[in-house]
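Worksheet: one structure, shown below.
The values are calculated or read from the model by the stated rules, or taken from the named source; none is laboratory data. What you see is a predicted model, and the numbers here were worked out from it, not measured in a lab. Backbone-built Cβ (ideal geometry, glycine too); neighbour counts: all protein chains shown.
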Amino acid sequence: MSLALQTFSTVKDASAALQAAGARYLGGGTLVVRAANEGDVSLSSLVRVTDPSLSRIAVSGGKARLGASVTMAAVARHPELNALSPAARAVGGPAIRNMATVGGNLFAPAPYGDFTVALLALDAIVVTEDGEMPIETFLTGRNASRAVVTAVAFPLPAAESFRFRKVSRVKPKGVSVLSIAALLQRTSDGVVTSARIAFGCMADRPMRAKAAEKALLGCKLTSKEIAPALAAAGAGTSPITDPIASAWYRAEVLPVHLGRLLVG
Amino acid sequence: MAIRRGRGVAAINYPTGMNLGGDPTQALVHSTPTGNFMVTLSSVDLGQGMKQIMAQICAETIGVPTDRVIVDTADTDTGPHCMGTFASRGTHRAGNAVIQAAKEARQVMLEVAAEELEVNASDLETDGQGNIRVKGAPQKSISIFDVALSAHFKRGRSISGRGMFLIPRSYPEKETGAMKPSTCYAHACTVAEVEVDDETGEVTVLNVKNVFEIGRALNPKMVEQQLVGGSWMGISHALYETTEPYYPNRDHGGTDFNQYLMPGPGDLAETEIIVLERPSSDGPFGAKGPGEMCANPQIPAVANAVFDAVGVRIDTLPITPERILRALKAQAAG
Amino acid sequence: MELRKDYFADVRTDGLNEIGQPRPRLDSPGHVTGKTAYFADRNFPGMLHLKMVRSPHHHARIRSIDTSEAEKHPGVVKVLTARDVPHNVYTILILIQIGPEDETVLADGKVRWKGEAVVAVLAETERAAQEAAAKVKVDYEVLPAVFDMEEALKPGAPLVNEYHGQNYYLYDSGECRKVRFGDVEAGFAQADHILEQSYQSSPIEHAPTETTGCVVAPEGNDRFTCYTNTQAMFFTLDNASIILQMQGSKLHFVGGTVGGGFGGKVDVIVEPIAILAAKLTGRPVCFIYSREEEMQISSPRAAEKVVIKDGVMKDGRIVARKVTGYTDAGAYSRHSPYGAQKGAAHYPGPYTIPNVWIDTYCVYTNRTPSSAMRGFGVTIGDFALEVQMDKLARLIGMDPLELRFINAYRDGDMKAHRQPTEGAALIECMQEASRAANWPVAEKYMAMSSYRKGA
Amino acid sequence: MAKVPVQFTLNGSEKAEFVESGTTLLNALRDKIGDTSPKGGCHQGTCGACSVIIDGELRLSCLTLAETCGGANIKTTAGLAEGGVLHPLQRAFLDGFATQCGFCTPGMIMAAKVLLDRTPNPSREDVVEALSGNVCRCTGYEPIIQAVLSAARANSQNVA
C-alpha cells in the first residue's frame, strides 16, 4: 500500500475521512510527512483541507483568532501579533516556520511545541469542528483527540504583559531545553495582580505553573520578592529527559530561567 | 548570577598517514595530444579538496598552470589503487604518487622538447605558463602544446608516468612497543577563551586562537577552509556532541540534527588561524596532513578554559551545561 | 588566516608557481550550481530500495526468522537473510591481516547490539520495503548485555563476541598494545609530585550532511557498478569481493565525490549487501542510510577512557608518565583495534619524557560498533593529555604554557616508541600562540627552538 | 499503486509528471524531473539540504508533498544561474571558498536567496537567522555567512 493524500475543501468531509484507520491530518507536514518518511507504516493516508479560512488571522476588539493552518512565519510577521512573535520565531528555522502550523504545534510532543506554551499562558480557546474548549482541557486529552482543530482564539496581550523565553543549546535555532511563557497583569506600581505561566519540556506537553503563579501574586518583580515563586516553580513538573538535557538539568535551571524572564 | 570568564591552552601533534604505514597509493599521469595532463587516481575527495590539490601538485611538477590538469579519480576501472582517504593521508600519500608520476611524464616531455629544439633535455626548463625553454636562453623555446602534438603524432612517445608511494609497514615490537607510527607530524597550539554562566553551566566560546604547523600550505585558501571548519568541530566535540548523551547508558541517543547537538551559526567563536610551515622531509613539497589534527587542540583548550573560569574540572566529554552545573554544586557543597 | 612565513624560512623554498597559490577549487562551480553528482543523484529505471530489519535488542539469540509475510507483501522483490550471504562472517581489516573475522553482514543466530542488521528487504518502492520490513517476524531470546567497559573486562561479564572469546581484542602483545620506555616506577619514585587522573568521552557521530549509501547497477555482463560514497574505493571493493566470494574483476566502483566523510564512510557496510541484492534480483538497487541510521547505526567515534599517572618535578619536568587507554569498540572490531593501537603510539603526547608505560585496550560491549573518525586514537587522548598538563601546571604552581615548553619534544629527542624526533615544531606553535593570545611566557621559552636542545 | 498528476513551474518551465500519491516534492524533483540540486540529507526537516523556494518562500521539499504544489512556482539552485552567468550568491560562495563537500551548498544558497530577495542589506544577525535551518558539517559556517554578506554587498553595488 502506498501513502495516499486525500484533499477536501471542508473540515467536515476531512473529518469523516479521518475516521478511517491509518488516516492522519496533514497540516504543515513537519510532523506527519516526517513520520511517513521515517517509515511509520501505521500511516496510510494523509488528509488535508484547503478551506482558506483555516489560514486566516483575524484580530479585532483585542482578540485574535488564528486558523489552524496559519504558519509560524505568518504569526511572526503579522504586525498586530508582535507580542507572539518571539514564540513563533522560536519554532525551527525559516523554512520550518513557513510550514509549521498553529494547529500542528498543539500536537507537537516535548521538546517541541514552544508556540503552544505561549498559547497556554494566554489561556487560548481551541476551536474544533465539534466545538470549543480551553487549551488546558485540549492538551490533557490531545492524544485521544480525533476532532480536527480549526482555530485557536485568545485575548491579545499587551506587549509589556507577555513574556516568552526559550532556552536551547544551539543558536539561533535549537530545540528547547525548556520554554516559559508568562502573562502578568501588574498595578501601576508594579505589583502582580494576576499571573498565568506556562512551561515547555517540564512534562510531555506544555503545562501550567500554578504554584509559581500563585506565589507571584502581590509581588513586585524583584529578585527578592519573586524568590518564593521560583522556589515553587518545580511543583508538579515532571521534566523530560532527552538528548538535549536530562530531567535533573531541566529542573535545576527552570527557576534560574524563570527568574531571568521575570526580572531580566 | 555571574558570567565568568576563563582561558585555556593546549598543544598537540598529529601523525600524518595510516598509523604504522603499509598504506600504498598510486597515480598515473599522461598528456593529451594538446598538452593537457590527466591525473588518474582512485583516491576519494570527501570535500576537503583532494582533486584540486592533486591538480596543483601535478601542475607544479610538470610545469604547467593548474587549469591544464584534469583529475580523474575514484573509478576502479580506470584508477590505480589507493588505500583511501583517512588518517590525514590523502595529500601526503597521493601527492607523492602524483609527483613521481608527473616527474616521469615531465622527463619524457622534456626529451621530446629536446629533440624538437635539438638540445639536451637536461638543458631545458619549464616556465610554468605552458612553455619549455632552454635554460639561460629563454628565446629558444617550444610550447607544451607543440611538444605534446609532436610526441603523439610525430615521435610516437607517450608523455606519461607512473607513481607509487608506500611507507613500508612497521610492526610494533611486542614487549617494548618500539615502532614507526609515522614519518611526519603536524603541530598545533590553541588558546581558547570562554564565558561560563555559573547558574546554568552554559559555556560560550568567545574566541579561539589556533596556531597550526602543517608542513606546507599547498593552497592557502583551502588550508584555511579546513582549519576553520576543523576548529569549529573541535569546539563542537568539546561542548556538544555525542550519540549517547548518558553513556554508558544506551538510552536517548539522538536521531536527527535537532537532537544531535552541534554549534549553530549563532554560536560561532571568533576564530583566528595562524599557519606555520616546516616542510616535512617526505611530504609533497613538504606538506603534512592537517585534516584531522586541526579539530583536536580546541577540545582540551576549552576544557582548561572552563576550569579557569569556574574552578571545576570536567573530565568527561562532552562538557555539557549539566556536567558543569553538577560540578559547581558539588564545589559549593564543599 | 595568517601565514607566518618567517618561521622555518631557512628550510623552505617559497615562490613556486602553483604550490602555495590560492587557486580556486575546480569542484566549487559544480557545488554552487547544484550540478555536482553525488552517488544518490544517479537514478536507474526499475531501481529497488533496500531496507534493513534491525535488532530491537542489545544482545539476543535469534530463535527463528519468518519472512513469509514480508515476501508476499505487494512490491517486494526479494528478502535476504544470513544464508544468502556467501561469506557472511567478515572483518574489514583482514585486508591488512588484522583478524579475526568477527562480524556478520546479516545476523546469524545472534545479535550483539541494538540496531544490528538481521534481514534485508528489497522492494519496488521505499514505502513497500518499509511495510514489508515491519512484517518480518524474528523470535529473540534476550540475553544479558554489557555496556560499561570496566564491567565488560570483569570476569563473568556477558561475552559480547564469541569470535574473540573475551571482551577485549587480543594483540600479539597480549590483552593490550604496550609501550615500555625507561623505568616508569623509578620515575615515579624520583618525582616530587604524582598525579593520577581519569578521563572519559562519549561516542561521537561524524554527521556528514550526506548519509552513507550506494547505488548498484548490474551492467548486464556479469559485472556490477557500485556508485558509492565510500572513503576508500579498493578497500571497499576488495572487502566486497571477499564477502560476496566474487572475483574483484566483476566489480566496478565509482565514487570520489562525497558529501562529507570524517571517517564515517570506511566501514564497508552498505556496498556488499547492495551488490548481492543486485546480483540476486538482476535489478539496480539503492541502499541509503536514513538520518536515524546514520546517527545510531553507523559507527561512531569510540567512547574512550584514559587514565594518566604522571610523576612531575617541582621545576616542571615530567619524569614518568603511565597511560592506560580503553577504546569502546562496541560489538565488533571494524577499525577499533587499529585506533587503540594508534593511541599507544601517540602517547605520551608531544613531550620528551624519560620513563613511559603505555597500555591500550580495545574493549567489546553491546553497543553500536565504533570505528574510524577524524583523529581517532588521538583526539580523545589529546583531550586527556592536555587537560592533565593543565592540572600538572596548577599542581606545581607553574604557568601551563611554560610547563609545555619545558617538556616539549625537539629534534633528536627519543620518543617512547623509540623513534627519534624529526621535524618538530611544537615550540614554534606555542611561541606564536603566546604572541597571538597575549599569553606571555619567560623570554627563555621564546628563545627556544625545535631545531636543537637547550637555550 | 495510485499515481497522481503533479504540475508546477520549475525554474521558469512547466513540469507535469505522474508520481505515486504521497511522494515528496524532493523525490519528485530528483527522481522524476531530474533536478538533483535539492539534496536529501535527512528527510526529517532537520538539515535544510532539500530547501527550495515555493512561491517566494523557503520550504523543505522533503516535508512537502508533490501533490500539494499544483500550480506553484518552484525555484531550485539548479535554476539560479541565468544564461550561464552565476547569481551573485553563487559567485560569492565560489570566490569566498564557502564550499567544501558541497552537499549543503544548494540548500544554503536557497536560504540565502530568500533572505537577499527580501532584505538586500542584511546584518550578520539576519544572515545567521536565515541560515539557521541549514546544517553544514565542513566549514564551521563562517565562510558561508561571509559569502552571503559579500553577495549582498556585490548586489547593492550593482544597484548603485
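Within region B:234-249, restricting attention to residues that are part of a helix (DSSP H, G or I) and more than 7 Å from every other protein chain (Cβ to nearest Cβ), which residue is surrounded by the fewest Cβ atoms within 10 Å (Cβ to Cβ)?
Within region B:234-249, the match that is surrounded by the fewest Cβ atoms within 10 Å (Cβ to Cβ) is B:S236.
Determine which member of the set B:I62, B:I57, B:I53 is buried (at least 23 other Cβ atoms within 10 Å of the Cβ), in contact with a Ser or Thr (Cβ under 6 Å, 6 or more places away or on another chain), touching a residue at least 12 places away in the same chain (Cβ under 8 Å) and β-branched (V, I, T).
Result of the check over B:I62, B:I57, B:I53: B:I53.
Grab the strands (runs of 3 or more DSSP E) fully contained in region A:44-143, keeping just those with 2 or more residues being in contact (Cβ under 8 Å) with a residue 24 or more places away in the chain and over 30 Å from C:R127 (Cβ atoms).
A:57-60, A:63-67, A:125-128
Residues of region B:250-261 being facing another protein chain (nearest Cβ under 7 Å) and either at negative phi or not in a loop (DSSP other than H, G, I, E, B) (or both), which ones?
The answer is B:R250, B:G253, B:G254, B:T255, B:D256, B:F257, B:N258, B:Q259, B:Y260, B:L261.
Here are some conditions: (1) within 22 Å of C:A128 (Cα to Cα); (2) out of contact with any strand residue (DSSP E or B) (no Cβ under 9 Å at 6 or more places or on another chain); (3) not small (G, A, S). D:V19 meets all but one. Which one does it not meet?
Looking at each condition in turn, D:V19 falls short on (2).
Kindly state which strands (runs of 3 or more DSSP E) lie completely within region A:147-232 and contain at least 3 residues that are of a type in the set (D, E, K, R).
Qualifying strands (runs of 3 or more DSSP E): A:162-168.
Looking at C:V254, C:V266, which is the one that is of a type in the set (V, I, T) and farther than 19 Å from C:I98 by Cα?
Checking each option against the conditions leaves just C:V254.
If B:R278 passes every condition in (1) within 17 Å of the chain's Cα centre (by Cα); (2) within 14 Å of chain D (Cβ to nearest Cβ) but one, which one does it miss?
Looking at each condition in turn, B:R278 falls short on (2).
For C:L159, indicate whether it is at pLDDT 95 or above, surrounded by 15 or more Cβ atoms within 10 Å (Cβ to Cβ) and assigned to a strand (DSSP E or B).
The answer is no for C:L159.
Conditions first: (1) over 20 Å from C:V306 (Cα atoms); (2) more than 14 Å from chain D (Cβ to nearest Cβ). B:M293 passes all but one, so which condition is the exception?
Going through (1) over 20 Å from C:V306 (Cα atoms); (2) more than 14 Å from chain D (Cβ to nearest Cβ) one by one, B:M293 breaks only (1).
For the list (1) facing chain C (nearest Cβ under 10 Å); (2) more than 24 Å from C:E422 (Cα to Cα); (3) surrounded by 24 or more Cβ atoms within 10 Å (Cβ to Cβ), I need the number of the one condition that B:P265 fails.
(1)
Test C:F253 against the stated conditions and say whether it is among the aromatic types (F, W, Y) and within 11 Å of chain B (Cβ to nearest Cβ).
Here the answer is yes, as C:F253 does meet what is asked.
Take the residues of region C:345-354 that are assigned to a loop (DSSP other than H, G, I, E, B) and crowded, with 24+ Cβ neighbours inside 10 Å: which is farthest from the chain's Cα centre (by Cα)?
Among residues in region C:345-354 that are assigned to a loop (DSSP other than H, G, I, E, B) and crowded, with 24+ Cβ neighbours inside 10 Å, the one farthest from the chain's Cα centre (by Cα) is C:I353.
Looking at (1) touching a residue at least 24 places away in the same chain (Cβ under 8 Å); (2) among the hydroxyl-bearing types (S, T, Y); (3) outside any strand (DSSP E or B), find the lone condition where B:T190 falls short.
Of the numbered conditions (1) touching a residue at least 24 places away in the same chain (Cβ under 8 Å); (2) among the hydroxyl-bearing types (S, T, Y); (3) outside any strand (DSSP E or B), the odd one out for B:T190 is (3).
Residues in region A:233-250: is at least one farther than 30 Å from B:L239 by Cα and in the same structural domain as A:Q185 (by TED's automatic domain parsing)?
Yes, region A:233-250 contains at least one residue that is farther than 30 Å from B:L239 by Cα and in the same structural domain as A:Q185 (by TED's automatic domain parsing).
List the residue pairs whose Cβ atoms are under 9 Å apart, where the first residue sits in region C:187-210 and is on the phi < 0 side of the Ramachandran plot, the second is in a strand (DSSP E or B) and of a type in the set (S, T, Y), and the two are 6 or more positions apart or on different chains.
Final answer for the pair search is C:Y199/B:T316; C:Q200/B:T316; C:S201/B:T316; C:S202/B:T316.
Every residue, every condition in (1) facing another protein chain (nearest Cβ under 7 Å); (2) among the aliphatic types (A, V, I, L, M); (3) under 17 Å from C:S198 (Cα atoms), yes or no:
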{"site": "C:S371", "(1), (2), (3)": "no, no, no"}
{"site": "C:L392", "(1), (2), (3)": "no, yes, yes"}
{"site": "C:L395", "(1), (2), (3)": "no, yes, yes"}
{"site": "C:E402", "(1), (2), (3)": "no, no, no"}
{"site": "C:F405", "(1), (2), (3)": "no, no, no"}
{"site": "C:Q431", "(1), (2), (3)": "no, no, no"}
{"site": "C:A436", "(1), (2), (3)": "yes, yes, no"}
{"site": "C:K444", "(1), (2), (3)": "no, no, no"}
{"site": "C:A447", "(1), (2), (3)": "no, yes, no"}
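Does region C:314-326 include one or more residues that are at pLDDT 95 or above, in contact with a Phe, Trp or Tyr (Cβ under 7 Å, 6 or more places away or on another chain) and either aromatic (F, W, Y) or assigned to a loop (DSSP other than H, G, I, E, B) (or both)?
There is at least one residue in region C:314-326 that is at pLDDT 95 or above, in contact with a Phe, Trp or Tyr (Cβ under 7 Å, 6 or more places away or on another chain) and either aromatic (F, W, Y) or assigned to a loop (DSSP other than H, G, I, E, B) (or both).
So which strands (runs of 3 or more DSSP E) are wholly in region B:124-185 and hold at least 1 residues that are within 14 Å of another protein chain (Cβ to nearest Cβ) and surrounded by 18 or more Cβ atoms within 10 Å (Cβ to Cβ)?
In region B:124-185, the matching strands (runs of 3 or more DSSP E) lie at B:124-126, B:131-134.
Show the residue pairs that are 6+ apart or on different chains and have beta-carbon atoms under 7 Å apart, the first residue being within region D:106-117 and more than 11 Å from chain C (Cβ to nearest Cβ), the second being modelled with pLDDT under 95 and part of a helix (DSSP H, G or I).
Hits for this filter: D:L116/D:N155.
Exactly one condition in (1) of a type in the set (V, I, T); (2) facing chain C (nearest Cβ under 7 Å); (3) surrounded by fewer than 24 Cβ atoms within 10 Å (Cβ to Cβ); (4) in a loop (DSSP other than H, G, I, E, B) is false for B:I273; which is it?
(4)
Please enumerate the residues belonging to region D:122-140 that are part of a loop (DSSP other than H, G, I, E, B) and under 16 Å from D:M110 (Cβ atoms).
Result: D:P122, D:L131, D:S132, D:G133, D:N134, D:V135, D:C136.
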